[in-house]
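Reviewing the structure listed below.
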Amino acid sequence: MNTDARHTHTGSCHCGNLRVSFTTGKSFDELSVRRCTCSFCVKQGAFHTADPAGQVRIEAADPGLVHKYRFGLGTADFLICRTCATYVGALFEEDGDTFAVVNVNILDNAADWPAPQPKTFDGEDVANRHTRRRASWTPAVAGV
Ligand SMILES: [Zn+2]
């Protein structure tokens, strides 16, 4: 029997242009849901999850309709659909590697996820932020 079954959680923006799938071997109890306290995530009401051993795919039917918003240190693209204004998650790219966090709210099974825990990343410099994302975000394939 396969004891470490992987689960794929799928979701999309409201209009369906941006599609996200998050594959992980972790259960809901093992995954953290982070309520980042930065001003963007507070205004969005976004909750993030990630698994460094998992994989994320983010694809756009029309990449021209994806806004890549950057703020603060400007080290990640926060993906927002231009048609329906939904924020689906963020991408971080470095040295040819791509990593993502997913906004749990856009997943089809969002209601099943555990309650988010607050996390603050204020005070990180660029180097610390890159190191943390490499260690904690999910390896990603993106077509946006
Ligand atoms: Zn959309």
Under the Karplus relation with 6.51, -1.76 and 1.60 and θ = phi - 60°, whole-Hz ³J(HN,Hα) for the range 114-129, x at Gly and Pro, equal x, 5, x, 10, x, 9, 10, 10, 4, x, 6, 8, 4, 5, 5, 5
Checking the range 1-103 for chymotrypsin sites (Phe, Trp or Tyr not before Pro) in a loop per DSSP with at most 16 other beta-carbon atoms within 10 Å yields Phe28, Phe71
Gyration tensor on Cα atoms of the range 7-143, a ≥ b ≥ c root eigenvalues, a/c under 1.5 rounded, else prolate if a/b beats b/c, else oblate, says rounded
Using alpha-carbon positions, the gyration tensor of the range 68-125 gives root eigenvalues a ≥ b ≥ c; with a/c under 1.5 called rounded, otherwise prolate if a/b exceeds b/c, else oblate, the class is oblate
By Cβ neighbour count within 10 Å, fewest first, Ser12, Ser39 rank Ser39, Ser12
Sorted by chain and number, the residues with a modelled amide H under 5 Å from that of His14, at a separation of 5 or more or across chains, are Thr86
In whole Hz, the Karplus estimates of ³J(HN,Hα) for the range 61-67 (6.51, -1.76, 1.60; θ = phi - 60°; x where Gly or Pro) are 4, 10, x, x, 9, 10, 9
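Only the coordinates and a few stated rules stand behind these numbers; no lab work does. Worth saying up front: this structure is predicted, and the values here are computed from it rather than measured. All Cβ positions, glycine included, derive from the backbone under ideal geometry; neighbour counts span all protein chains shown.
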